[in-house]
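The values are calculated or read from the model by the stated rules, or taken from the named source; none is laboratory data. Being a predicted model, the structure only gives us computed values, none of them experimental. No Cβ is skipped: glycine too gets one built from the backbone with ideal geometry, and neighbour counts run over all protein chains shown.
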Amino acid sequence: MAPPEHSFPVGALDQRVHYRTVEFKEKSRKLRGDFDLKRDCELLELVQYSCTTPEQQYQRAMASPTGTARMECFPFVRLFRKCQEKSGKVFHVETTAWEGEHAWTPPAKSQPTAELTTKDTATSTSEEDSIGDTNSFANYGNYFWSRK
C-alpha cells in the first residue's frame, strides 16, 4: 500500500515540488535555484484502463434484451514528470491534472450582472462556495470514470 500523501490544490504543484515528505515530515528538496518543472523534467505518459466490474456486467446483462453483456475498458491517460535533484536523486511528479489535454483550469471569473449586483452578498456562505469547488472537481473526475 502506498504511503499517505497530503492533498493540495493543482495550482500549488509548482511550489509543492520543492518539498517531499519523509516519515510524515516535510523536507526541502535540493533543487537548482531556477528550477522549472516543465523545462527541467522529462514528460512521461502512462495509459491505464478502467474496466467494468462483474456487478456492472450483470446489471447490463439484465437490462439487455439479449441477456448478455461484455466487459468494457476505457483508457485513462496519466502524465508524469521525471526530475532530478542536485545530488542526482531522481523523483517523479504526477502532472495529469496540471497539464495535458484534460488539465484543470480555474473557473473564469465572470463580470457581475445587474441581477447579481442586487443580491445581498452577506448571505453567501462558505458552504455554497465549497459546493462550487466540489462540483468542479467532480466534473473533472467524471470525465475519466464515466461510461461513455
Checklist entry - Name the strands (runs of 3 or more DSSP E) wholly within segment 6-111 that hold at least 1 residues that are of a type in the set (S, T, N, Q)? => result 19-22, 25-28, 42-51, 73-84
Next on the checklist: Yes or no: segment 56-79 includes at least one residue that is under 20 Å from Arg16 (Cβ atoms) and modelled with pLDDT under 80.
Outcome noted: no
Checklist entry - In segment 11-20, is there at least one residue being surrounded by 12 or more Cβ atoms within 10 Å (Cβ to Cβ) and either at pLDDT 90 or above or among the β-branched types (Val, Ile, Thr) (or both)? => result yes
Next on the checklist: What are the pairs with Cβ atoms under 7 angstrom where one residue, in segment 76-100, is closer than 18 Å to Ser50 by Cα and the other, located anywhere, is surrounded by fewer than 12 Cβ atoms within 10 Å (Cβ to Cβ) and not hydroxyl-bearing (Ser, Thr, Tyr)? Sequence gap at least six, or different chains.
Outcome noted: Phe76/Gln48; Val77/Glu45; Val77/Val47; Arg78/Leu46; Arg78/Gln48; Leu79/Glu45
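Table: residues versus (1) more than 25 Å from Trp104 (Cα to Cα); (2) out of contact with any strand residue (DSSP E or B) (no Cβ under 7 Å at 6 or more places or on another chain); (3) not β-branched (Val, Ile, Thr).
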{"site": "Phe35", "(1), (2), (3)": "no, yes, yes"}
{"site": "Lys38", "(1), (2), (3)": "no, yes, yes"}
{"site": "Gln57", "(1), (2), (3)": "yes, yes, yes"}
{"site": "Leu79", "(1), (2), (3)": "no, no, yes"}
{"site": "Lys82", "(1), (2), (3)": "no, no, yes"}
{"site": "Lys86", "(1), (2), (3)": "yes, yes, yes"}
{"site": "Glu94", "(1), (2), (3)": "no, no, yes"}
Checklist entry - Do the conditions hold for Ala103, that is, is it aliphatic (A, V, I, L, M), at pLDDT below 85 and either surrounded by 10 or more Cβ atoms within 10 Å (Cβ to Cβ) or in contact with a strand residue (DSSP E or B) (Cβ under 9 Å, 6 or more places away or on another chain) (or both)? => result yes
Item to check | Condition met for Ala69 (free of Cβ contacts under 8 Å to residues at least 24 places away in the same chain, over 28 Å from the mean Cα position of the chain (by Cα) and surrounded by fewer than 10 Cβ atoms within 10 Å (Cβ to Cβ)) | outcome: no
Item to check | Search result, residues across segment 13-51 that are touching a residue at least 40 places away in the same chain (Cβ under 8 Å) and of a type in the set (S, T, N, Q) | outcome: Ser50
